[in-house]
Amino acid sequence: MTGYIVRRLLSLIPVLIGVTFLVFLVMQLAPGDPAQIMLGPKATETSLAQLRHDLGLDQPWHVQYFRWIGRVVQGNWGRSIQLKREVLPFILDRFRNSLYLTVLAALIACTIGIPVGILSAVRQYSVSDRATMVLVLVGFSMPIFWLGIMLQILFGLKLGILPVSGLQSPERSDVLDLISHLILPSMALATGAMAIIARMTRSSMLEVIRQDYVRTARSKGLSERLVINRHALKNALIPVVTVVGMQVGYLLGGDVLVEIVFSYPGIGLAMINGILARDFPLVQGAILLVASSYVLVNLAVDLLYAYLDPRIRYG
Amino acid sequence: MYRRKWIVPFVILVCMSLLAACRPTAAPTVPPASPSPAAPATAAPTAAQPAQIPQGGTIIVGLQAEPTSLDSVQISDYNSHRASYNIFDRLLEFKDESTEVEPGLAESWEISDDGLVYTLHLRKGIKFHDGTDFNAEAVKFNLERQFDPNHPYHDTGEFPYAEFTWGMVDKVEVVDEYTVNITLKEIFAPFLNHLAMHPASIGSPEAIKKLGRDFSLQPVGTGPFKFVSWTPGVEVVLEKNPDYWGKPPNIDRVIFRPIIEDQSRLTELEAGGVNFIVNIPPDELARLKQDPRFTVVEQPGMHTWWVAFNHTRDPYKDTRVRQAMNYAVNKQAIVDNILKGTGLLAINPLPPVVWSYTDDLQRYDYNPEKAKQLLAEAGYPNGFSCVFWVPESGSGMQQPVAMGTAIQADLKAVGIDCKIETFEWGTYLDKVIVPPEKAEYDLMEMSWIGDNGDPDNHLYILLSGEQWPPAGFNMGYYKNEQVDALLREARTTLDRAKRTELYIQAQKLIAQDPPWITIDHETQIVVMDKKIKNFKLHPTGPFRFQNVWIEP
């Protein structure tokens, strides 16, 4: 097991080098130049040349890349071109904000999605099953930015009970204030994931409860509750864990639409702004961080399989 | 099958109830405006000054995006300009609602007879927020830090405007503790205005030396407000400088919050999370003007939006074709229906707020018949086809795609078949700021926001034949010898009356030989809580909070 984890962690290195190299190449090949974008159409040729020199952009791309990699290894992730800040503390801060949203959204999605899926499966084709699945479809199909704006208008404006946007109220930094700001964006974020999880749980559960061992459990006189919760659920959860893992991994990269609608300072928004400004150090740093976290979440999911299904072992 | 029958009505029911639940929230009902005979909401709230001006209170501004820097000499976008402006003073200042200059950190100035040496007499006894003294050395340090690559603190930032603002400066000399001489390489008429622009903000040299690059995150100036904190992605907080050398502000604090999405920013204003916002969705403007809770302040900006012809290509070399295309586009309809009154119809490349502006020139009001006639005269009775470049968005570009599509339809109606190609803004800039042989468009959209309030900043920079890209900004490569001569003379003449005359002549010539299809001048609009009084927008874009007060 330990060997497996170590090997998986080591395989992270080539993946990340590949990712940064690709990102670097794409950013370099894309038309548009950070100096030009900073100065807008007003840039004179001399000021552009000066700015490119100041930013180190007049070097060939491979020199820029290896210089950057060399510094990253030493813990110096460079300074953002656009924001003039150190990249590492900035993206760690943004990443933490996205993590808050992801964790809360995943909690909401699982605590509602999984029980709903189980109930639907147990009462297949009942009215409640049908109704739930229609609602799930509606939830899944709702455009997330529209849902976000509706939540803002309903809870922020009409009811006036939750803040509309941002991470905290002016000049406040307490936990309660933070949580109140997290509720609406994580609700918007959770809706889609919740729908997927509910559907996945339902179909996986339906498959499992038709299997022989479940029949055996029933025939030995166990209560239906015990059969479902103790025996069926654990097996049914394996595909669900995969889906949750994928969703969490995806959300860790920050959901750009939700972050825009709620002006939420997450990593997705930072990356989009970075890309539009061709802010190479920021985008590369952020992608490196997000890619590492994605790989780690996948590893965690793989390890969770072994717990859920003892037949799965990693040598 | 019977099981499925009820699903369809059920789905419809769910959808309908969802829609019903949302309708009233999407368009909140607005109480009718109070019928009081007070000034209409659209007027600038230059309320009569009460005997006792209320003190205290906080303005929370909803900005379009996070500032990128709070060091005024490093900024190149409006959000940073607005958040940093009140922390600093400039050598000279623009007067309220005008681009005429008045004393700032320099209380008086002289220009030598040859027009090359500007002597500034500085105010005495001013201290930076960190307690150090403001003096002639500080001025020299701040200016040289920007334009001299060998200055020891040049590497404490990037200075996008240094070349534009100080490129004509030969040297800066300290005469005595409170006198500075700035010597120019050649006569440059608009220079005085440069001393009131953001690169003329003076920061504390001690703080710059101590903080280095972090100065842009913790600025120290002499201005009416002091920097308190900047939480990235959350807020920039400024507080009143009680020791300000001029009249200290009435309000205690100003907070800038980035709220990226236009609709969310408006919702946040209505929910009370902010009390001052920019960039109002045009569809909402009429409703907000009627809302007694808010004041809408408008100010025509130094902005122009146009479609440039590629003058190096046929048939755009022919003046008649360009005139015909100007007649063909219904500019008023674009202003009314797309911009919904957030712009002013443009008949001239120069915005009306800039001195020397004239409207006594050839106009091109919507007239498709005349357009067809001119096209026939030019030898294109059946029109032609063209490639029309449009950015998806961009600073000052308003609604580029919607406006481009309307222009395309109008041109189609007179037989000109344009194919629109859209680009992301960064890519777009890269592809349009190129020498003429590399330009791959027939028509392109562009806009410009004036920097220094001088006509030169619009006419010479955008239309002189000496300003073709990549060295200059004359995108479209317009060249008219007569216009060039007038513009060159005007920028090297110091006498204002003479310059005005030259610019008026130039505007008339430009109108007869149109370089662009000029569409509009964007109006600056902010909406704020009714209790905020005495706020005036400035044509150059910053928010001045020194004289504002908040009613209790």
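If you add up the charges near B:Pro391, with Lys and Arg at +1 and Asp and Glu at -1, over every other residue whose beta carbon is less than 9 angstrom from its beta carbon, what do you get?
-3
Counting only other residues whose beta carbon sits under 11 Å from that of B:Leu494, what net charge do I get with K and R as +1, D and E as -1?
Here the charged neighbours net out to +1.
Once R0 is set to 41 Å, what does the formula 1/(1 + (r/R0)^6) return for the Cβ-Cβ distance between B:Leu494 and B:Asp417, expressed as a FRET efficiency to the nearest 0.05?
0.25
Positive end of the dipole of chain A, charges at C-beta (+1 Lys, Arg; -1 Asp, Glu), about the Cα centre: which of A:Ser169, A:Pro14, A:Pro31 has its Cα farthest in that direction?
With unit charges placed on the Cβ atoms, the residue in question is A:Pro14.
Between the alpha-carbon centers of the range B:163-180 and the range B:243-298, tell me the distance in whole angstrom.
Value for the Cα centre distance between the two parts: 38 Å.
With unit charges on the beta carbons (Lys and Arg positive, Asp and Glu negative) and the dipole taken about the Cα centre of chain B, which residue among B:Gln362, B:Gln64, B:Phe94 sits farthest to the positive side?
Checking the options against the dipole of chain B, the answer is B:Gln64.
Taking +1 at the Cβ of each Lys and Arg and -1 at the Cβ of each Asp and Glu, which of A:Ile144, A:Leu206, A:Ala291 sits farthest along the dipole of chain A towards its positive end, judged by Cα position relative to the Cα centre?
A:Leu206
Output the 0 to 90 degree angle, nearest 10, between the alpha-carbon long axis of helix A:2-29 and the longest principal axis computed from the alpha carbons of chain A.
50 degrees
Probe radius 1.4 Å, ligands and nucleic acids left out: can you give me the accessible area buried at the B-A interface, summed over both chains, in Å² to the nearest hundred?
The summed interface area works out to 5200 Å².
May I ask you to evaluate 6.51 cos²θ - 1.76 cosθ + 1.60, the Karplus curve with θ = phi - 60°, for each residue of the range B:366-377 and list the ³J(HN,Hα) values in order in whole Hz, giving x for glycine and proline?
For the range B:366-377, the Karplus-derived couplings read 3, 7, x, 5, 4, 4, 4, 4, 5, 5, 5, 4 Hz, x marking Gly and Pro.
Taking each residue in A:137-144, count the Cβ atoms of any other chain within 10 Å of its Cβ, then average. What number comes out?
Counting Cβ atoms of other protein chains within 10 Å of each residue's Cβ and averaging gives 1.
I need the Kirkwood Rh of the range A:14-73: take the reciprocal of the average 1/r across all distinct C-alpha pairs and report it in angstrom.
The Cα-based Kirkwood calculation yields 12.8 Å.
Please list, short to long, the whole-number percent of alpha-carbon pairs of chain A in consecutive 20 angstrom bins beginning at zero.
Whole-percent P(r) values from 0 Å outward: 26, 49, 22, 3, 0.
Enumerate the calculated ³J(HN,Hα) couplings along the range A:215-225 in order (Karplus 6.51 cos²θ - 1.76 cosθ + 1.60, θ = phi - 60°), each rounded to whole Hz, writing x wherever the residue is Gly or Pro.
Rounded to whole hertz, the list is 4, 4, 4, 5, 5, 7, x, 5, 5, 4, 4.
Would you mind pulling out the separation of the Cα centroids of the range B:109-143 and the range B:373-430, in Å?
When both Cα centres are located, 49 Å separates them.
Would you kindly compute the Cα radius of gyration of the range B:238-380 and its largest Cα-Cα separation (Dmax), both in Å?
22.2, 71
Treat every Asp and Glu Cβ in the range A:14-73 as -1 and every Lys and Arg Cβ as +1, leave all other atoms uncharged, and give the resulting dipole magnitude about the Cα centre to the nearest 20 debye.
With Lys and Arg at +1 and Asp and Glu at -1, about 140 debye.
The range A:42-125: which chymotrypsin sites (Phe, Trp or Tyr not before Pro) are DSSP loop and have at most 14 other beta-carbon atoms within 10 angstrom?
Sites meeting the loop and neighbour criteria: A:Tyr125.
Ranking request for peptides B:217-224, A:269-276, B:487-494: highest mean number of other beta-carbon atoms within 10 Å first, then the rest in descending order.
Most protected by this proxy first, the peptides run B:217-224, A:269-276, B:487-494.
Can you give me the P(r) profile for the range A:1-136? Cα pairs, bins 5 angstrom wide beginning at 0, each as a whole percent.
Over the range A:1-136, the share of Cα pairs per 5 Å bin runs 2, 7, 9, 12, 12, 11, 9, 8, 8, 7, 6, 4, 2, 1, 0 percent.
In Å, what Rg and Dmax follow from the Cα atoms of the range B:107-169?
For the range B:107-169, the Cα radius of gyration and maximum Cα-Cα distance read 13.7, 39 Å.
Give me the one-decimal Kirkwood hydrodynamic radius in Å for the range B:232-316, with the sum taken over alpha-carbon pairs.
One over the average 1/r among Cα pairs gives 16.9 Å for the range B:232-316.
Taking every pair of Cα atoms in the protein assembly as shown, average 1/r, invert it to obtain the Kirkwood radius, and report Rg/Rh to two decimals.
Rg/Rh: 1.01.
Distance between the C-alpha centers of the range A:93-120 and the range B:54-83? Whole Å please.
Using only Cα atoms, the two centres lie 35 Å from each other.
Please go through the range A:269-314 and write out the chymotrypsin sites (Phe, Trp or Tyr not before Pro) that DSSP classes as loop and that have at most 16 other C-beta atoms within 10 Å.
Answer by residue number: A:Tyr314.
Calculate the dipole size of the range B:303-524 relative to its Cα centre from +1 charges on Lys and Arg beta carbons and -1 charges on Asp and Glu beta carbons; express the result in debye to the nearest 20.
The dipole of the range B:303-524 has a size of about 280 debye.
Can you work out D for chain B in µm² s⁻¹ from Stokes-Einstein, where Rh is the Kirkwood radius over C-alpha pairs, the temperature is 37 °C and the viscosity is 0.692 mPa s?
It diffuses with D of about 128 µm²/s by this estimate.
Can you work out D for the range B:65-194 in µm² s⁻¹ from Stokes-Einstein, where Rh is the Kirkwood radius over C-alpha pairs, the temperature is 25 °C and the viscosity is 0.890 mPa s?
In µm²/s, the coefficient rounds to 157.
Can you give the convex hull volume of the alpha carbon atoms of the range A:195-315 per residue, in Å³?
123 Å³
How many Cβ atoms of partner chains, on average, are near each residue of A:252-262 if near means within 10 Å of its Cβ?
Whole-number average of other-chain Cβ neighbours for A:252-262 is 1.
Show log10 I(q)/I(0) for the range B:303-524 at q = 0.08, 0.14, 0.15, 0.18 Å⁻¹, two decimals, from a solvent-free Debye sum over equal Cα scatterers.
Per q value, in the given order, log10 I(q)/I(0) is -0.25, -0.83, -0.96, -1.43.
Other chains near B:428-435: what is the mean number of their Cβ atoms within 10 Å of each residue's Cβ?
If you average over the peptide's residues, the count of other-chain Cβ atoms is 4.
Would you mind checking the tilt of helix A:45-55 against the longest principal axis of the Cα atoms of chain A, expressed as 0 to 90 degrees and rounded to 10?
In chain A, helix A:45-55 runs at an angle near 60 degrees to the longest axis.
DSSP loop (so not H, G, I, E, B), at most 15 other Cβ within 10 Å: list which trypsin sites (Lys or Arg not before Pro) in the range B:408-472 pass both filters.
none
Assuming R0 = 56 Å, what is the FRET efficiency of A:Lys234 and B:Lys530, from their Cβ-Cβ distance, to the nearest 0.05?
0.35
For the range A:96-314, give the magnitude of the charge dipole about the Cα centre (Cβ charges: +1 Lys/Arg, -1 Asp/Glu; no others), in debye to the nearest 20.
That gives the range A:96-314 a dipole magnitude of about 980 debye.
The values are calculated or read from the model by the stated rules, or taken from the named source; none is laboratory data. Every value quoted in this text rests on a predicted model; they were computed, and no experiment measured them. Positions of Cβ are backbone-derived with ideal geometry, glycine not excepted, and every protein chain shown enters the neighbour counts. Heads up: the accessible areas ignore ligands, DNA and RNA and are worked out on the full protein's heavy atoms, side chains in. Shrake-Rupley method; radii C 1.70, N 1.55, O 1.52, S 1.80 Å.
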